[in-house]
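Worksheet: the structure to be examined is printed underneath.
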Amino acid sequence: MNDKAQWISADKEHVWHPFTQVSYAPENIIIERGEGACFIDVDGNKYIDGISSWWVNLHGHCNPYIISAVTKQLQQLEHSIFAAFTHKPGIALATRLLEHLPAFDKVFFSDNGSTSVEVALKMTFQYWSNKGTPKSKVIAFKEAYHGDTFGGMSVAARNAFNKPFEPLLFDVISIDTPHKDNIDALLQEMEQHLQNEDISCFIFEPLVLGASGMLMYAPEHLQLLIDLCRKYNCLTIADEVMTGFGRTGKFFATDYLNDKPDIICMSKGITGGFFPLGATACKQFIFDAFISNDKMKTFFHGHSYTGNPTICAAAIASLDIMERTETMLQIKDLSAWQAAFAQELTGYDNIENVRHTGTILAFDIKTGESTGYLNNAAEPLAEFFIKRNIILRPLGNVLYFIPPYCITKTEAEQVYAAIRALLKG
Ligand SMILES: Cc1ncc(COP(=O)(O)O)c(C=O)c1O
């Protein structure tokens, strides 16, 4: 196939794309290559990747340092089974991750964000079962998103993402996201649940609930909820799939807390945006509950590609870059630009709930329709920005900007200028 039209036609004929309603979706843009915070399409048009390709890219597309680490690893060992065998990239990555997670002791690898959550949930359910006190209830935020697998959907909001599957999802106790006006009532409600029910775990996205519309809340409120769980012996799971690896300004969002949760889920930025990888870290006491001569206490979970060494090599290279002073400065600068622009945005009366946490900026566009993923503003908004060579894909009427950390000031300014143009009409 030589010409663009043939590729487009084959794409339409053979490929089923995610989160896409083909009846009204515009023609897909064929990306040819990536470079820093940008993509270049087959016609040579350059686009700023303002959403880090679904929040995964940290250090730029085709980052040469990660490419070189991956290439080297590929020449040595592309993949191997990870049970009864191990390898240096897997060991090194777990060790390096734990250096950033001093409260944790073990890392379990899987394939993506959803599976990192499945692993966490299964760990907690089996932890209690192995201890001889099975518990199956979960507390979760009403507006959460934890992935597209059945466990992930069950512990998430009941909304457009999972409506057709609702009868198949397991019940959870849903609580509101905390804010200053509801925190006292929320703590009371939480305490009642913890007193009355056998709760296995509380799962949450720390500080930012991403897919539900970049809803943000304070670390102090999360700490109070975790403290209550601790009091009642309820395990806590931080889903840092989106917030991990610098997004909120610190290495992990849970670094804003004094007391860490028991389990942490990681994915997305873990490989710098190169490959899918899930990792679930837990504390030693959880791991210990699985050690027994009774075979039934084994964690019978694994994926064919668990701990793939090539992917681990990319993740180690991404960690090398994360640990450079220069990257921390990029995160600091980007966070400061986002904060300043958020301040400026408060002057517009056609938007509301302007918010930012670290490198993440979001606000709601007033449309007369209710705020949410199905709000009809999404498609025209995305089109407005694509015409200006910027990739922003709003969650309904929630517009957010989460670029790779390597975005230049000029590129960020281009995005801010386009947002100004949109809001000024
Ligand atoms: C907080 C959170 N958890 C889990 C997931 C699922 O990750 P994945 O799409 O890699 O399965 C996402 C994806 O957006 C997420 O934001």
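The values are calculated or read from the model by the stated rules, or taken from the named source; none is laboratory data. All figures in this text were calculated on a predicted structure; none of them were measured in a lab. Positions of Cβ are backbone-derived with ideal geometry, glycine not excepted, and every protein chain shown enters the neighbour counts. Note: areas computed on protein heavy atoms with side chains; ligands, DNA, RNA excluded. Shrake-Rupley method; radii C 1.70, N 1.55, O 1.52, S 1.80 Å.
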Which distance in nm do the two modelled labels at Ser292 and Ile29 give, with both placed 7 Å along the Cα-to-Cβ direction?
5.4
Find, among the GluC sites (Glu not before Pro) in the range 304-395, those assigned to loop by DSSP (not H, G, I, E, B) with at most 14 other beta-carbon atoms within 10 angstrom.
Glu323, Glu369
Under 10 Å, Cα contacts only: if you run a Gaussian network model on the chain, which one of Pro89, Pro206, Pro134 comes out with the highest mean-square fluctuation?
Pro134
Charges only on Cβ, +1 for Lys and Arg, -1 for Asp and Glu: so what's the dipole of the range 66-322 about the Cα centre, in debye to the nearest 20?
660
Cβ-Cβ cut-off under 14 Å around Lys135, Lys and Arg +1, Asp and Glu -1: the net charge is -1
Looking only at Cβ-Cβ distances, which cysteines of the chain have no other cysteine closer than 4.7 Å?
Cys38, Cys62, Cys201, Cys265, Cys282, Cys312, Cys406
The chain: antiparallel DSSP beta bridges as a percent of all, rounded to 5
65
In the chain, carbon and sulfur make up what percent of the accessible area (probe 1.4 Å)?
54
Checking the table Lys122/Lys283; Lys137/Lys297; Lys137/Lys250; Lys88/Lys122; Lys122/Lys231 against a 24 Å threshold on Cα-Cα, which pairs fail?
Lys137/Lys250; Lys88/Lys122
Taking Lys260 as the anchor, which aspartates and glutamates have their alpha carbon closer than 14 Å to its alpha carbon, excluding any fewer than eight residues away along the same chain?
Asp105, Glu205, Glu220, Asp227, Asp239, Glu240
Rounded to the nearest 500, what is the 222 nm mean residue ellipticity of the chain from helices alone, with -39500 (n - 2.57) per DSSP H run of 4+ residues and division by all residues?
-11000 deg cm²/dmol
Per GNM of the chain with C-alpha springs under 10 angstrom, the most fluctuating residue out of Lys72, Lys137, Lys180 is Lys180
Qualifying chymotrypsin sites (Phe, Trp or Tyr not before Pro) for the range 351-406 [loop in DSSP, other Cβ within 10 Å: at most 15]:
none
Find how much the distance from Lys88 to Thr133 grows on full extension, using 0.36 nm per residue of separation minus their present alpha carbon separation; answer in nm with one decimal.
12.5 nm
Would you please classify the overall shape of the chain from the alpha carbon gyration tensor, given that a ≥ b ≥ c denote the square roots of the eigenvalues, rounded means a/c under 1.5, and beyond that prolate means a/b larger than b/c while oblate covers the rest?
oblate
Which of the chymotrypsin sites (Phe, Trp or Tyr not before Pro) found in the range 1-57 are in a DSSP loop and have at most 14 neighbouring Cβ atoms, other than their own, within 10 Å?
Trp16, Phe19, Tyr24
Under the definition of Cα pairs under 8 Å and six or more residues apart, what whole-number percent is the relative contact order of the range 66-322?
30
Could you tally the net charge around Ala10, taking each other residue with its Cβ under 14 Å from the Cβ of Ala10, Lys/Arg +1 and Asp/Glu -1?
-2
In the neighbourhood of Arg158 defined by beta carbon distances under 12 Å, the net charge of the other residues (Lys, Arg +1; Asp, Glu -1) is -1
How big is the C-alpha Rg of the range 94-190 next to the rule-of-thumb value 2.2 N^0.38 Å, as a ratio?
1.25
Leaving out ligands and nucleic acids, and using a 1.4 Å probe, what accessible area per residue does the chain come to in Å²?
46
Considering only Asn397, Asn376, Asn28, give the residue with the highest GNM mean-square fluctuation for the chain, with springs between Cα atoms whenever their separation is below 10 Å.
Asn28
If you project the alpha carbons of the range 24-126 onto the principal axes, what extent comes out on each, in Å, largest first?
49, 37, 27
By its C-alpha gyration tensor, with a ≥ b ≥ c as the square roots of the eigenvalues, how is the range 299-366 shaped: rounded for a/c under 1.5, else prolate for a/b larger than b/c, else oblate?
oblate
